[in-house]
1. How big is the charge dipole of the range 201-296 about its Cα centre, in debye rounded to the nearest 20, if each Lys and Arg gets +1 on its Cβ and each Asp and Glu gets -1 on its Cβ?
2. Okay, helix-only estimate at 222 nm for the chain: each DSSP H run of n ≥ 4 adds -39500 (n - 2.57), divide by all residues, round to 500 deg cm²/dmol; what do you get?
3. Please report the relative contact order for the range 263-342, taking Cα pairs under 8 Å with a sequence separation of at least 6, and give it as a percent rounded to a whole number.
4. Using a 1.4 Å probe on the protein heavy atoms, what percent of the accessible area of the range 14-115 belongs to carbon and sulfur?
5. For the range 34-54 and the range 485-509, compute the distance between their C-alpha centroids and round to whole Å.
6. Quick one: length gained pulling Ser255 to Ile130 fully straight, 0.36 nm per residue minus the C-alpha distance?
7. Can you give me the % of accessible surface on the range 439-520 that is carbon or sulfur? Probe 1.4 Å, all protein chains present, nothing else counted.
8. Let me know the shape class of the range 372-479, please: from the alpha-carbon gyration tensor, a ≥ b ≥ c as square roots of the eigenvalues, rounded when a/c is under 1.5, otherwise prolate if a/b is greater than b/c, or oblate.
Amino acid sequence: MNPQPSKRNTILWVDDEIDLLRPYVLFLQEKNYEVLTSNNGQDALDICKAHPELDIVFLDEQMPGLSGLEVLQEIKQIYPLLPVVMITKSEEERIMEEAIGQKIADYLIKPVNPSQILLCLKKNIHEKQIVEQHTNTSYREEFGDISYMIDTASTLDEWIAIYKSLTHWDLELQNVDSSMSEMLAMQRSQANAAFAKFIQKNYEGWFKSTDRPLLSTDIFKKVLFPMLDNGEKIFFVVIDNFRYDQWKVIQPLLSEFFSLTDENLYSSILPTATQYSRNAIFSGLMPLQISQMYPDLWVDEIEEEGKNLNEKDLIQTQLDRFRKRYNYTYYKINESDFCEKITKQLSSLTTPLNVAVLNFIDMLSHSRTESKMMRELANDEAAYRSLTLSWFKHSPTYAFFKRIAQLGYKLILTTDHGTVRVQNSILILGDKNTNTNLRYKVGKSLNCQSKNVFTLTDPKAVGLPCPNLSSSYMFCTGNDFFGYPNNFNYYAQYYKDTFQHGGISMEEMLIPLVTMTPKG
(Lines give C-alpha, C1' and ligand atoms only; values in the text may rest on other atoms or scores of the structure.)
Protein backbone atom coordinates (compact mmCIF):
# COMPACT_ATOMS: atom_id res chain seq x y z
CA MET A 1 0.00 0.00 0.00
CA ASN A 2 1.55 3.38 -1.01
CA PRO A 3 2.66 5.30 2.09
CA GLN A 4 2.43 8.64 0.28
CA PRO A 5 -0.56 10.73 1.40
CA SER A 6 -3.16 11.25 -1.34
CA LYS A 7 -3.26 14.99 -0.58
CA ARG A 8 -0.79 17.41 0.97
CA ASN A 9 -1.55 17.19 4.68
CA THR A 10 -0.44 19.94 7.05
CA ILE A 11 1.52 19.28 10.25
CA LEU A 12 2.38 21.74 13.02
CA TRP A 13 5.47 20.74 15.00
CA VAL A 14 6.02 22.65 18.24
CA ASP A 15 9.35 22.27 20.08
CA ASP A 16 11.66 24.77 21.77
CA GLU A 17 14.57 23.00 20.00
CA ILE A 18 12.84 22.89 16.63
CA ASP A 19 16.10 23.77 14.79
CA LEU A 20 17.56 20.45 15.93
CA LEU A 21 14.58 18.67 14.36
CA ARG A 22 15.27 20.02 10.86
CA PRO A 23 16.11 16.51 9.48
CA TYR A 24 12.64 15.32 10.56
CA VAL A 25 10.99 18.29 8.85
CA LEU A 26 12.88 17.61 5.60
CA PHE A 27 11.98 13.91 5.83
CA LEU A 28 8.26 14.74 6.14
CA GLN A 29 8.42 17.29 3.33
CA GLU A 30 9.94 14.63 1.09
CA LYS A 31 6.91 12.47 2.00
CA ASN A 32 4.68 15.27 0.62
CA TYR A 33 3.62 16.76 3.96
CA GLU A 34 3.54 20.50 4.56
CA VAL A 35 5.26 21.18 7.90
CA LEU A 36 4.76 24.35 9.93
CA THR A 37 7.07 24.86 12.90
CA SER A 38 7.11 26.81 16.14
CA ASN A 39 9.55 27.00 19.06
CA ASN A 40 7.11 28.25 21.71
CA GLY A 41 3.55 27.72 22.84
CA GLN A 42 2.13 31.18 22.11
CA ASP A 43 3.32 31.17 18.50
CA ALA A 44 1.89 27.67 18.14
CA LEU A 45 -1.55 28.90 19.24
CA ASP A 46 -1.35 31.80 16.76
CA ILE A 47 -0.47 29.37 13.96
CA CYS A 48 -3.39 27.13 14.92
CA LYS A 49 -5.81 30.04 14.71
CA ALA A 50 -4.40 31.13 11.36
CA HIS A 51 -4.41 27.62 9.83
CA PRO A 52 -7.73 25.82 10.36
CA GLU A 53 -6.62 23.31 7.72
CA LEU A 54 -4.15 21.71 10.15
CA ASP A 55 -4.35 17.91 10.18
CA ILE A 56 -2.21 17.13 13.25
CA VAL A 57 0.04 18.78 15.86
CA PHE A 58 3.27 17.35 17.29
CA LEU A 59 3.70 19.07 20.66
CA ASP A 60 6.73 19.06 22.97
CA GLU A 61 5.68 18.72 26.61
CA GLN A 62 8.64 20.59 28.19
CA MET A 63 8.94 24.16 26.88
CA PRO A 64 9.71 27.50 28.52
CA GLY A 65 6.74 29.81 28.91
CA LEU A 66 3.53 27.93 28.13
CA SER A 67 4.05 24.24 28.80
CA GLY A 68 2.96 21.55 26.40
CA LEU A 69 0.01 20.61 28.60
CA GLU A 70 -1.14 24.26 28.72
CA VAL A 71 -0.87 24.56 24.94
CA LEU A 72 -2.74 21.28 24.55
CA GLN A 73 -5.61 22.62 26.65
CA GLU A 74 -5.83 25.80 24.55
CA ILE A 75 -5.68 23.88 21.24
CA LYS A 76 -8.51 21.58 22.34
CA GLN A 77 -10.66 24.62 23.08
CA ILE A 78 -10.08 25.96 19.56
CA TYR A 79 -10.24 22.65 17.63
CA PRO A 80 -11.59 19.85 19.86
CA LEU A 81 -11.17 17.20 17.14
CA LEU A 82 -7.66 18.16 15.98
CA PRO A 83 -5.28 15.27 16.78
CA VAL A 84 -2.43 16.32 19.07
CA VAL A 85 0.56 14.05 19.67
CA MET A 86 2.54 14.74 22.84
CA ILE A 87 6.31 14.29 22.48
CA THR A 88 8.37 14.35 25.69
CA LYS A 89 11.53 13.14 27.38
CA SER A 90 9.54 12.50 30.56
CA GLU A 91 8.07 9.13 31.39
CA GLU A 92 6.41 10.52 34.50
CA GLU A 93 3.06 8.79 34.98
CA ARG A 94 1.30 11.97 36.14
CA ILE A 95 2.13 13.79 32.94
CA MET A 96 1.01 10.86 30.81
CA GLU A 97 -2.31 10.64 32.64
CA GLU A 98 -2.95 14.38 32.36
CA ALA A 99 -2.19 14.33 28.65
CA ILE A 100 -4.44 11.32 28.08
CA GLY A 101 -7.14 12.99 30.14
CA GLN A 102 -7.04 15.92 27.75
CA LYS A 103 -7.61 13.48 24.88
CA ILE A 104 -4.27 13.43 23.13
CA ALA A 105 -4.12 11.28 19.99
CA ASP A 106 -0.78 9.67 20.87
CA TYR A 107 2.17 9.90 23.27
CA LEU A 108 5.78 9.54 22.05
CA ILE A 109 8.96 9.39 24.16
CA LYS A 110 12.11 11.16 22.88
CA PRO A 111 14.19 10.37 21.03
CA VAL A 112 11.73 9.55 18.26
CA ASN A 113 12.67 8.06 14.91
CA PRO A 114 11.15 8.60 11.43
CA SER A 115 9.33 5.27 11.48
CA GLN A 116 7.52 6.25 14.68
CA ILE A 117 6.47 9.54 13.14
CA LEU A 118 5.18 7.88 9.96
CA LEU A 119 3.25 5.27 11.95
CA CYS A 120 1.73 8.03 14.06
CA LEU A 121 0.64 9.92 10.93
CA LYS A 122 -0.87 6.83 9.35
CA LYS A 123 -2.79 6.03 12.53
CA ASN A 124 -4.12 9.54 13.11
CA ILE A 125 -4.51 11.01 9.63
CA HIS A 126 -4.64 8.17 7.12
CA GLU A 127 -6.25 5.39 9.17
CA LYS A 128 -9.67 5.73 7.53
CA GLN A 129 -8.20 5.60 4.03
CA ILE A 130 -5.94 2.64 4.84
CA VAL A 131 -8.75 0.69 6.55
CA GLU A 132 -11.07 1.42 3.61
CA GLN A 133 -8.53 0.15 1.07
CA HIS A 134 -7.78 -2.95 3.14
CA THR A 135 -11.46 -3.74 3.74
CA ASN A 136 -12.41 -3.33 0.10
CA THR A 137 -9.48 -5.48 -1.01
CA SER A 138 -10.21 -8.18 1.56
CA TYR A 139 -13.88 -8.45 0.63
CA ARG A 140 -13.06 -8.47 -3.08
CA GLU A 141 -10.66 -11.37 -2.46
CA GLU A 142 -13.26 -13.29 -0.42
CA PHE A 143 -16.15 -12.60 -2.81
CA GLY A 144 -15.39 -15.65 -4.93
CA ASP A 145 -15.12 -17.95 -1.92
CA ILE A 146 -18.51 -16.80 -0.62
CA SER A 147 -20.07 -17.24 -4.06
CA TYR A 148 -18.75 -20.79 -4.21
CA MET A 149 -20.18 -21.49 -0.75
CA ILE A 150 -23.57 -20.19 -1.90
CA ASP A 151 -23.52 -22.38 -5.00
CA THR A 152 -22.58 -25.55 -3.12
CA ALA A 153 -24.22 -25.23 0.32
CA SER A 154 -26.28 -28.32 1.17
CA THR A 155 -26.61 -28.21 4.97
CA LEU A 156 -27.93 -25.67 7.43
CA ASP A 157 -24.49 -25.42 9.04
CA GLU A 158 -23.07 -24.33 5.68
CA TRP A 159 -25.79 -21.69 5.35
CA ILE A 160 -25.03 -20.47 8.85
CA ALA A 161 -21.37 -20.05 7.83
CA ILE A 162 -22.46 -18.07 4.75
CA TYR A 163 -24.75 -15.83 6.78
CA LYS A 164 -22.04 -15.19 9.37
CA SER A 165 -19.59 -14.27 6.65
CA LEU A 166 -22.01 -11.90 4.90
CA THR A 167 -22.87 -10.28 8.23
CA HIS A 168 -19.19 -9.86 9.03
CA TRP A 169 -18.63 -7.98 5.79
CA ASP A 170 -21.79 -5.96 6.22
CA LEU A 171 -20.48 -4.72 9.56
CA GLU A 172 -16.99 -4.10 8.18
CA LEU A 173 -18.11 -2.20 5.09
CA GLN A 174 -20.57 0.01 6.97
CA ASN A 175 -17.64 1.74 8.69
CA VAL A 176 -15.88 2.78 5.49
CA ASP A 177 -16.79 4.70 2.37
CA SER A 178 -16.86 1.50 0.42
CA SER A 179 -17.35 0.82 -3.24
CA MET A 180 -18.08 -2.79 -2.33
CA SER A 181 -21.41 -2.20 -0.57
CA GLU A 182 -23.47 -2.67 -3.75
CA MET A 183 -21.59 -5.87 -4.55
CA LEU A 184 -22.28 -7.18 -1.04
CA ALA A 185 -25.99 -6.32 -1.34
CA MET A 186 -26.14 -8.23 -4.61
CA GLN A 187 -24.37 -11.23 -3.09
CA ARG A 188 -26.70 -11.22 -0.08
CA SER A 189 -29.70 -11.18 -2.43
CA GLN A 190 -28.27 -14.14 -4.36
CA ALA A 191 -27.64 -15.96 -1.09
CA ASN A 192 -31.20 -15.42 0.13
CA ALA A 193 -32.61 -16.71 -3.14
CA ALA A 194 -30.52 -19.87 -2.86
CA PHE A 195 -31.32 -20.19 0.85
CA ALA A 196 -35.06 -20.10 0.08
CA LYS A 197 -34.62 -22.97 -2.39
CA PHE A 198 -32.69 -24.89 0.27
CA ILE A 199 -35.53 -24.42 2.78
CA GLN A 200 -38.19 -25.42 0.26
CA LYS A 201 -36.25 -28.58 -0.53
CA ASN A 202 -35.37 -29.61 3.02
CA TYR A 203 -37.75 -28.07 5.56
CA GLU A 204 -40.44 -30.75 5.47
CA GLY A 205 -37.79 -33.47 5.67
CA TRP A 206 -36.51 -32.08 8.96
CA PHE A 207 -39.71 -33.23 10.61
CA LYS A 208 -39.27 -36.78 9.34
CA SER A 209 -35.67 -37.14 10.50
CA THR A 210 -34.09 -37.72 13.89
CA ASP A 211 -30.95 -35.97 12.65
CA ARG A 212 -32.42 -32.56 11.94
CA PRO A 213 -30.88 -29.16 12.79
CA LEU A 214 -31.55 -27.39 16.06
CA LEU A 215 -34.96 -25.67 15.91
CA SER A 216 -37.04 -23.45 18.19
CA THR A 217 -38.61 -26.45 19.91
CA ASP A 218 -35.19 -27.79 21.03
CA ILE A 219 -33.83 -24.91 23.10
CA PHE A 220 -35.07 -25.96 26.52
CA LYS A 221 -34.48 -29.68 25.98
CA LYS A 222 -31.02 -29.49 24.42
CA VAL A 223 -29.60 -26.28 25.89
CA LEU A 224 -31.28 -25.18 29.12
CA PHE A 225 -32.15 -28.50 30.79
CA PRO A 226 -28.59 -29.93 30.65
CA MET A 227 -27.28 -26.77 32.33
CA LEU A 228 -29.98 -26.84 35.01
CA ASP A 229 -29.37 -30.54 35.62
CA ASN A 230 -25.70 -29.67 36.12
CA GLY A 231 -26.63 -27.31 38.95
CA GLU A 232 -26.14 -24.03 37.09
CA LYS A 233 -28.37 -21.01 37.65
CA ILE A 234 -29.58 -19.45 34.42
CA PHE A 235 -31.14 -16.31 33.06
CA PHE A 236 -32.77 -17.11 29.72
CA VAL A 237 -33.48 -13.90 27.80
CA VAL A 238 -35.51 -13.81 24.59
CA ILE A 239 -35.26 -10.52 22.69
CA ASP A 240 -38.08 -10.30 20.16
CA ASN A 241 -37.08 -9.49 16.54
CA PHE A 242 -33.37 -9.79 17.37
CA ARG A 243 -31.11 -10.39 14.37
CA TYR A 244 -27.58 -11.76 14.35
CA ASP A 245 -26.12 -8.43 13.19
CA GLN A 246 -27.86 -6.67 16.07
CA TRP A 247 -26.32 -9.15 18.49
CA LYS A 248 -22.85 -8.38 17.09
CA VAL A 249 -23.22 -4.64 17.72
CA ILE A 250 -24.31 -5.05 21.35
CA GLN A 251 -21.83 -7.85 22.08
CA PRO A 252 -19.01 -5.45 23.10
CA LEU A 253 -21.30 -3.86 25.71
CA LEU A 254 -22.28 -7.20 27.22
CA SER A 255 -18.64 -8.26 27.16
CA GLU A 256 -17.89 -5.63 29.79
CA PHE A 257 -19.38 -7.93 32.42
CA PHE A 258 -19.86 -11.29 30.67
CA SER A 259 -17.41 -13.66 28.99
CA LEU A 260 -18.61 -15.29 25.79
CA THR A 261 -18.80 -19.06 26.25
CA ASP A 262 -20.60 -20.08 23.09
CA GLU A 263 -22.09 -18.34 20.05
CA ASN A 264 -24.31 -20.39 17.76
CA LEU A 265 -26.99 -19.80 15.19
CA TYR A 266 -30.03 -22.04 14.86
CA SER A 267 -33.19 -22.01 12.78
CA SER A 268 -36.51 -20.54 13.77
CA ILE A 269 -39.49 -22.61 12.71
CA LEU A 270 -41.87 -21.34 10.06
CA PRO A 271 -43.68 -19.01 10.14
CA THR A 272 -40.97 -16.79 11.60
CA ALA A 273 -43.60 -15.01 13.67
CA THR A 274 -43.87 -14.69 17.44
CA GLN A 275 -47.12 -16.62 17.73
CA TYR A 276 -45.43 -19.70 16.29
CA SER A 277 -41.72 -19.51 17.02
CA ARG A 278 -41.75 -18.12 20.56
CA ASN A 279 -44.54 -20.42 21.69
CA ALA A 280 -42.51 -23.28 20.22
CA ILE A 281 -39.47 -22.26 22.29
CA PHE A 282 -41.38 -22.12 25.55
CA SER A 283 -43.50 -25.23 25.03
CA GLY A 284 -40.91 -27.41 23.28
CA LEU A 285 -43.71 -28.31 20.87
CA MET A 286 -44.69 -27.44 17.33
CA PRO A 287 -47.80 -25.25 17.06
CA LEU A 288 -49.98 -28.15 15.92
CA GLN A 289 -48.97 -30.14 19.02
CA ILE A 290 -49.75 -27.18 21.27
CA SER A 291 -53.21 -26.81 19.75
CA GLN A 292 -53.90 -30.52 20.18
CA MET A 293 -52.38 -31.11 23.63
CA TYR A 294 -53.16 -27.75 25.23
CA PRO A 295 -56.05 -26.21 23.26
CA ASP A 296 -56.64 -23.60 25.96
CA LEU A 297 -53.12 -22.27 25.45
CA TRP A 298 -53.19 -21.95 21.65
CA VAL A 299 -54.88 -19.04 19.88
CA ASP A 300 -55.70 -19.46 16.19
CA GLU A 301 -54.90 -16.80 13.59
CA ILE A 302 -58.56 -15.86 13.11
CA GLU A 303 -59.12 -15.16 16.80
CA GLU A 304 -58.69 -11.60 18.03
CA GLU A 305 -57.13 -12.20 21.45
CA GLY A 306 -53.39 -11.88 21.98
CA LYS A 307 -51.33 -14.74 20.59
CA ASN A 308 -48.58 -14.66 23.24
CA LEU A 309 -50.44 -14.43 26.53
CA ASN A 310 -49.78 -18.00 27.68
CA GLU A 311 -46.00 -18.17 27.60
CA LYS A 312 -45.51 -18.77 31.32
CA ASP A 313 -48.04 -21.62 31.26
CA LEU A 314 -46.35 -23.12 28.21
CA ILE A 315 -43.02 -23.16 30.06
CA GLN A 316 -44.70 -25.06 32.86
CA THR A 317 -46.10 -27.67 30.46
CA GLN A 318 -42.59 -28.37 29.16
CA LEU A 319 -41.14 -28.68 32.64
CA ASP A 320 -43.94 -31.07 33.57
CA ARG A 321 -43.52 -33.25 30.46
CA PHE A 322 -39.80 -33.69 31.13
CA ARG A 323 -40.40 -34.11 34.87
CA LYS A 324 -38.24 -31.12 35.74
CA ARG A 325 -39.07 -29.74 39.17
CA TYR A 326 -37.20 -26.48 38.83
CA ASN A 327 -38.82 -23.35 40.18
CA TYR A 328 -38.68 -20.48 37.72
CA THR A 329 -39.55 -16.85 37.23
CA TYR A 330 -41.00 -15.30 34.08
CA TYR A 331 -40.95 -11.64 33.07
CA LYS A 332 -42.35 -9.99 29.98
CA ILE A 333 -40.73 -6.56 29.77
CA ASN A 334 -42.41 -4.03 27.50
CA GLU A 335 -41.66 -0.76 29.31
CA SER A 336 -38.55 0.92 30.70
CA ASP A 337 -40.16 1.56 34.09
CA PHE A 338 -40.96 -2.12 34.48
CA CYS A 339 -37.42 -3.07 33.45
CA GLU A 340 -36.04 -0.80 36.17
CA LYS A 341 -38.43 -2.31 38.70
CA ILE A 342 -37.42 -5.87 37.80
CA THR A 343 -33.72 -4.98 37.95
CA LYS A 344 -34.14 -3.76 41.54
CA GLN A 345 -35.91 -7.01 42.48
CA LEU A 346 -33.28 -9.37 41.06
CA SER A 347 -31.26 -9.48 44.27
CA SER A 348 -33.98 -11.53 45.97
CA LEU A 349 -34.02 -14.28 43.34
CA THR A 350 -33.40 -17.83 44.49
CA THR A 351 -34.77 -19.70 41.45
CA PRO A 352 -32.34 -21.61 39.19
CA LEU A 353 -34.30 -20.76 36.01
CA ASN A 354 -35.32 -17.22 35.17
CA VAL A 355 -36.94 -16.30 31.87
CA ALA A 356 -37.35 -12.79 30.46
CA VAL A 357 -38.88 -11.59 27.20
CA LEU A 358 -37.71 -8.17 26.01
CA ASN A 359 -39.98 -6.55 23.44
CA PHE A 360 -38.08 -3.31 22.84
CA ILE A 361 -36.64 -4.19 19.43
CA ASP A 362 -40.05 -5.44 18.32
CA MET A 363 -41.48 -2.09 19.39
CA LEU A 364 -38.68 -0.32 17.51
CA SER A 365 -39.46 -2.32 14.37
CA HIS A 366 -43.18 -1.50 14.53
CA SER A 367 -42.61 2.17 15.31
CA ARG A 368 -40.26 2.39 12.34
CA THR A 369 -43.05 1.08 10.12
CA GLU A 370 -45.64 3.48 11.49
CA SER A 371 -43.59 6.63 12.07
CA LYS A 372 -42.11 8.73 9.28
CA MET A 373 -39.51 10.16 11.66
CA MET A 374 -38.39 6.68 12.72
CA ARG A 375 -38.08 5.68 9.06
CA GLU A 376 -35.72 8.59 8.55
CA LEU A 377 -33.68 7.61 11.60
CA ALA A 378 -33.41 3.96 10.53
CA ASN A 379 -33.38 4.14 6.75
CA ASP A 380 -31.17 1.09 6.23
CA GLU A 381 -29.66 -1.86 8.08
CA ALA A 382 -26.69 0.13 9.40
CA ALA A 383 -28.94 2.82 10.85
CA TYR A 384 -31.28 0.17 12.28
CA ARG A 385 -28.33 -1.46 14.03
CA SER A 386 -27.23 1.92 15.33
CA LEU A 387 -30.65 2.52 16.86
CA THR A 388 -30.52 -0.93 18.45
CA LEU A 389 -27.14 -0.11 20.00
CA SER A 390 -28.33 3.27 21.23
CA TRP A 391 -31.43 1.70 22.79
CA PHE A 392 -29.38 -0.94 24.55
CA LYS A 393 -26.73 1.45 25.82
CA HIS A 394 -29.08 4.13 27.13
CA SER A 395 -32.10 2.11 28.26
CA PRO A 396 -32.59 0.27 31.59
CA THR A 397 -31.86 -2.95 29.68
CA TYR A 398 -28.14 -2.31 30.05
CA ALA A 399 -28.44 -2.15 33.84
CA PHE A 400 -30.68 -5.23 33.75
CA PHE A 401 -27.98 -7.35 32.09
CA LYS A 402 -25.27 -5.89 34.31
CA ARG A 403 -27.22 -6.89 37.41
CA ILE A 404 -27.69 -10.43 36.07
CA ALA A 405 -23.91 -10.71 35.78
CA GLN A 406 -23.31 -9.27 39.25
CA LEU A 407 -25.60 -11.92 40.74
CA GLY A 408 -23.61 -14.70 39.04
CA TYR A 409 -26.22 -15.98 36.59
CA LYS A 410 -25.20 -17.62 33.36
CA LEU A 411 -26.87 -15.76 30.47
CA ILE A 412 -28.52 -17.59 27.59
CA LEU A 413 -29.55 -15.03 24.99
CA THR A 414 -31.67 -15.71 21.93
CA THR A 415 -34.71 -14.54 19.98
CA ASP A 416 -37.83 -16.03 18.47
CA HIS A 417 -37.08 -14.76 14.93
CA GLY A 418 -35.30 -12.03 13.03
CA THR A 419 -36.52 -9.49 10.49
CA VAL A 420 -35.79 -8.62 6.88
CA ARG A 421 -36.05 -5.27 5.10
CA VAL A 422 -38.73 -5.72 2.46
CA GLN A 423 -38.61 -4.06 -0.96
CA ASN A 424 -41.02 -5.63 -3.42
CA SER A 425 -44.77 -6.15 -2.99
CA ILE A 426 -46.36 -9.17 -4.70
CA LEU A 427 -50.08 -9.65 -5.23
CA ILE A 428 -51.96 -12.33 -3.32
CA LEU A 429 -55.64 -13.28 -3.21
CA GLY A 430 -57.39 -14.99 -0.30
CA ASP A 431 -60.66 -15.17 1.58
CA LYS A 432 -61.72 -12.69 4.26
CA ASN A 433 -60.28 -14.81 7.07
CA THR A 434 -56.75 -14.74 5.68
CA ASN A 435 -54.29 -13.34 8.25
CA THR A 436 -52.71 -9.90 7.92
CA ASN A 437 -48.98 -10.69 8.21
CA LEU A 438 -47.01 -9.30 5.25
CA ARG A 439 -44.49 -12.15 4.98
CA TYR A 440 -46.75 -15.20 5.28
CA LYS A 441 -50.41 -16.02 4.71
CA VAL A 442 -52.58 -18.82 6.04
CA GLY A 443 -56.07 -19.38 4.71
CA LYS A 444 -58.28 -20.99 2.11
CA SER A 445 -57.98 -20.50 -1.66
CA LEU A 446 -54.72 -18.58 -1.50
CA ASN A 447 -53.61 -17.52 -4.97
CA CYS A 448 -50.28 -15.88 -5.77
CA GLN A 449 -48.69 -15.84 -9.22
CA SER A 450 -45.16 -15.14 -8.01
CA LYS A 451 -42.67 -17.97 -8.41
CA ASN A 452 -40.78 -16.75 -5.34
CA VAL A 453 -43.23 -18.05 -2.74
CA PHE A 454 -43.07 -21.26 -0.76
CA THR A 455 -46.45 -22.98 -0.43
CA LEU A 456 -47.27 -25.58 2.21
CA THR A 457 -50.40 -27.45 1.13
CA ASP A 458 -50.04 -29.97 3.98
CA PRO A 459 -49.30 -27.81 7.05
CA LYS A 460 -49.65 -30.76 9.45
CA ALA A 461 -46.57 -32.35 7.87
CA VAL A 462 -44.47 -29.55 9.41
CA GLY A 463 -46.36 -29.22 12.66
CA LEU A 464 -48.64 -26.32 11.75
CA PRO A 465 -52.36 -26.12 12.63
CA CYS A 466 -55.01 -25.73 9.95
CA PRO A 467 -57.79 -23.26 10.75
CA ASN A 468 -59.79 -25.07 8.04
CA LEU A 469 -59.44 -28.42 6.27
CA SER A 470 -58.40 -26.69 3.05
CA SER A 471 -56.05 -24.15 4.66
CA SER A 472 -52.56 -23.73 3.27
CA TYR A 473 -49.58 -21.52 4.13
CA MET A 474 -47.68 -19.25 1.75
CA PHE A 475 -44.33 -17.70 2.62
CA CYS A 476 -42.52 -14.80 0.99
CA THR A 477 -38.83 -15.27 0.26
CA GLY A 478 -36.03 -12.76 -0.20
CA ASN A 479 -37.26 -9.22 0.35
CA ASP A 480 -40.80 -9.64 -1.04
CA PHE A 481 -43.99 -8.94 0.89
CA PHE A 482 -47.64 -9.67 0.20
CA GLY A 483 -50.18 -7.09 -0.88
CA TYR A 484 -53.89 -7.23 -1.70
CA PRO A 485 -55.55 -5.74 -4.83
CA ASN A 486 -57.29 -3.03 -2.79
CA ASN A 487 -54.99 0.00 -2.69
CA PHE A 488 -52.12 -2.23 -3.81
CA ASN A 489 -49.83 0.61 -4.95
CA TYR A 490 -50.40 2.64 -1.78
CA TYR A 491 -49.52 -0.21 0.56
CA ALA A 492 -46.64 -1.34 -1.66
CA GLN A 493 -45.06 2.07 -1.15
CA TYR A 494 -46.08 2.36 2.50
CA TYR A 495 -44.41 -0.88 3.58
CA LYS A 496 -41.40 -0.70 1.28
CA ASP A 497 -38.11 -0.56 3.24
CA THR A 498 -39.77 -1.61 6.50
CA PHE A 499 -38.50 -4.52 8.59
CA GLN A 500 -40.92 -7.47 8.57
CA HIS A 501 -40.91 -11.09 9.67
CA GLY A 502 -42.83 -14.29 9.09
CA GLY A 503 -41.21 -15.47 5.87
CA ILE A 504 -38.08 -17.17 4.60
CA SER A 505 -34.74 -15.39 4.66
CA MET A 506 -31.45 -15.85 6.44
CA GLU A 507 -32.17 -12.73 8.49
CA GLU A 508 -35.49 -14.12 9.75
CA MET A 509 -34.65 -17.80 10.19
CA LEU A 510 -30.99 -17.95 11.24
CA ILE A 511 -31.02 -16.52 14.73
CA PRO A 512 -28.44 -16.15 17.54
CA LEU A 513 -28.14 -18.45 20.53
CA VAL A 514 -25.50 -17.06 22.86
CA THR A 515 -24.15 -18.40 26.15
CA MET A 516 -22.24 -16.00 28.44
CA THR A 517 -20.81 -16.40 31.92
CA PRO A 518 -20.37 -13.51 34.36
CA LYS A 519 -16.88 -12.09 34.80
CA GLY A 520 -15.28 -12.10 38.18
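The values are calculated or read from the model by the stated rules, or taken from the named source; none is laboratory data. As the structure is a computational prediction, the values presented were derived from the model and not from experiment. In this analysis, Cβ positions are derived from the backbone assuming ideal geometry, glycine residues included, and neighbour counts consider all displayed protein chains. Note: areas computed on protein heavy atoms with side chains; ligands, DNA, RNA excluded. Shrake-Rupley method; radii C 1.70, N 1.55, O 1.52, S 1.80 Å.
1. Details: 9 positive and 11 negative charges, 52 e Å.
The calculated dipole for the range 201-296 is roughly 260 debye.
2. Details: 20 runs with 228 residues, N = 520.
Helix contribution divided over all residues of the chain: -13500 deg cm²/dmol.
3. Values: 50 pairs, mean separation 17.2, N = 80.
Relative contact order comes out at 21 percent.
4. The C+S portion of the solvent-accessible surface of the range 14-115 is 50 percent.
5. Using only Cα atoms, the two centres lie 56 Å from each other.
6. Numbers: separation 125, 0.36 × 125 = 45.00 nm, distance 2.79 nm.
Taking Ser255 through Ile130 to full extension adds about 42.2 nm, to one decimal.
7. Details: 1490 of 3400 Å².
Answer for the range 439-520 is 44 percent, counting heavy atoms of protein chains only.
8. Oblate, because a/c is 1.5 or more while a/b does not exceed b/c.
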